[in-house]
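S.K.: Below are the structure tokens for one structure; questions will follow.
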Amino acid sequence: MNRTELPQTLRRSSKEVQAAFATAHEMAVRRYGEGEEAQRAAYGELKQSYELVTDHWVPKQD
């Protein structure tokens, strides 16, 4: 997944967040195939460690 394919909130986020989402998305596509289900699964995985703040994703503060 290249940067232009990422949703806007992820484009505004750090490279670390982008890489985490890309990895999660690749794994979800292998499991569910391309589509909405893979997209939802990738976001679910991302939400484990990151949170959406206004218009970009940042690491969660514990």
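The values are calculated or read from the model by the stated rules, or taken from the named source; none is laboratory data. Computed from a prediction, not measured in an experiment: that's the story for all the values here. For accessibility, only protein heavy atoms count, side chains too; no ligands or nucleic acids. Shrake-Rupley method; radii C 1.70, N 1.55, O 1.52, S 1.80 Å.
S.K.: Which far-off residues, 5 or more places away or on another chain, put their amide H under 5 Å from the one on residue 49, with H placed in the peptide plane?
M.R.: Sorted by chain and number, the residues that satisfy this come to none at all.
S.K.: Continuing with the same structure: Work out Dmax and Rg for the range 9-55 from the C-alpha atoms and quote the Rg first, both in angstrom.
M.R.: For the range 9-55, the Cα-based Rg and Dmax read 10.4, 30 Å.
S.K.: Roll a 1.4 angstrom probe over the protein heavy atoms and tell me the percent of accessible area of the range 9-55 that is carbon or sulfur.
M.R.: On the way: 1420 of 3100 Å².
Using a 1.4 Å probe with all protein chains present, the range 9-55 comes out at 46 percent carbon and sulfur.
S.K.: Whose amide H sits under 5 Å from the amide H of residue 13, counting only residues 5 or more places off or on another chain, with H placed in the peptide plane?
M.R.: Amide H neighbours of residue 13, under 5 Å, 5+ apart: 57.
S.K.: Karplus couplings for the range 22-28 from phi (6.51 cos²θ - 1.76 cosθ + 1.60, θ = phi - 60°), rounded to Hz, Gly and Pro as x?
M.R.: Computed from phi, the couplings for the range 22-28 are 4, 5, 4, 5, 4, 5, 5 Hz.
S.K.: Related question: From the phi angles alone, apply the Karplus equation (6.51, -1.76, 1.60; θ = phi - 60°) to the range 37-44 and give each ³J(HN,Hα) in whole Hz, x where the residue is Gly or Pro.
M.R.: 5, 5, 4, 5, 5, 5, 5, x
S.K.: Using 0.36 nm per residue, how much length does the chain from residue 47 to residue 26 gain when fully extended, once their Cα-Cα distance is taken away?
M.R.: 6.0 nm
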